[in-house]
Structure formats: structure tokens, C-alpha cells
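The values are calculated or read from the model by the stated rules, or taken from the named source; none is laboratory data. Source: prediction; values computed, not measured. Because the Cβ atoms are built from the backbone with ideal geometry, glycine has one as well, and the counts that use them run over all protein chains shown. Areas reflect the complete protein model, heavy atoms only, side chains present, ligands, DNA and RNA absent. Shrake-Rupley method; radii C 1.70, N 1.55, O 1.52, S 1.80 Å.
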Amino acid sequence: MLGLCGCAVAQPAIAASASLAWAVAGAVLLGLAFELYEPPSQAIIGESVPERHRVRAFSLFGAALAAGAMGAGLLAAVLGRWDLRRLFVTDAATCLACALLRSTWPCPATVPNHPERTRTAPPYDRCATEPC
């Protein structure tokens, strides 16, 4: 949530920037906000998906990122013709929409009697805590 909201704040900052320095500052903030949610997304897949399904889950995650990149390119082609500022404002709106969707979407671990609620912990990695 923090990463999505951070992206939603950084993008209008880029759109409203009056100088290159402010645009760079907004871009750095955008990159940092993106890094708040992208790596943990991969970690969630690694920890919550059973080992036999991880390849498929990571493949679907990669496909979703690729589809998002294609949609972003199409959006950039359409909105970039008029003004790049519109592109950043629209992208900020999509970040807020995703944050709203995520805040209202129930997590399987919090839904009573959901089949995934009793998932097992990831395998213990002895080398992470002890010398191998």
C-alpha cells in the first residue's frame, strides 16, 4: 500500500515539476516507491506458493508484468501525443485505483474457512541461520 501510494504521489510531482532537478527528484522518489512493493511481491510468491507450483506462479507474475508494460506503452502512446504530464497524472490515478482495490480485497489468510488459510510455512533453510 505504501509503495502504491508513494508512486501516486511521485508521479504528479514529476508532472508538476518546473525544472529538471524537480523532475529528477520525482523520478528518484518514484523508483524508491516502486521498490517498496515489487521485491516483496516476489517474496510473497516464494513464501506462500507450494514449491511444485512456484514456477507457474512466477511465470504468471512475469506475464502480468509484461501485460502491464504493454498497457503502459499503449497508454504512453495515446496520452504522450498531447502532453507527457497527462501520462504521469493518469498513472498516478491507476496507482491509487490499485491501492484502493488492494485495500478492499480480502486476503486469504483473513477469510474464515478459506482453503489457503492453513498453509504451511516455507521450508526451513538451515544455512540461513547456521554455518553450513
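How far is it, in nm, from the label point at L2 to the one at L84 when both lie 7 Å from their Cα along the line to the Cβ?
In this crude label model, L2 to L84 measures out at 3.0 nm.
Leaving ligands, DNA and RNA out of it, report the carbon-plus-sulfur percent of the accessible area of the stretch 12-85 at a 1.4 Å probe.
Carbon and sulfur atoms account for 71 percent of the accessible area of the stretch 12-85.
In Å, what Rg and Dmax follow from the Cα atoms of the stretch 1-41?
Rg then Dmax for the stretch 1-41, in Å: 10.4, 34.
To the nearest whole percent, what portion of all C-alpha pairs in the stretch 48-96 is separated by more than 18 angstrom?
In whole percent, the long-distance tail amounts to 48.
Starting from the Kirkwood radius over alpha-carbon pairs of the stretch 1-109, derive D by Stokes-Einstein at 37 °C in a medium of 0.692 mPa s and give it in µm² s⁻¹.
214 µm²/s
Just the accessible area per residue of the stretch 1-115, please: how many Å² with a 1.4 Å probe?
Per residue, the stretch 1-115 has an accessible area of 68 Å².
What FRET efficiency would be calculated for the residue pair R52, V9, taking the C-beta separation as r and a Förster radius of 41 Å, to the nearest 0.05?
0.55
What does the charge add up to near L2, with Lys and Arg as +1, Asp and Glu as -1, over the other residues with Cβ less than 15 Å from its Cβ?
My count for the surroundings of L2 gives -1.
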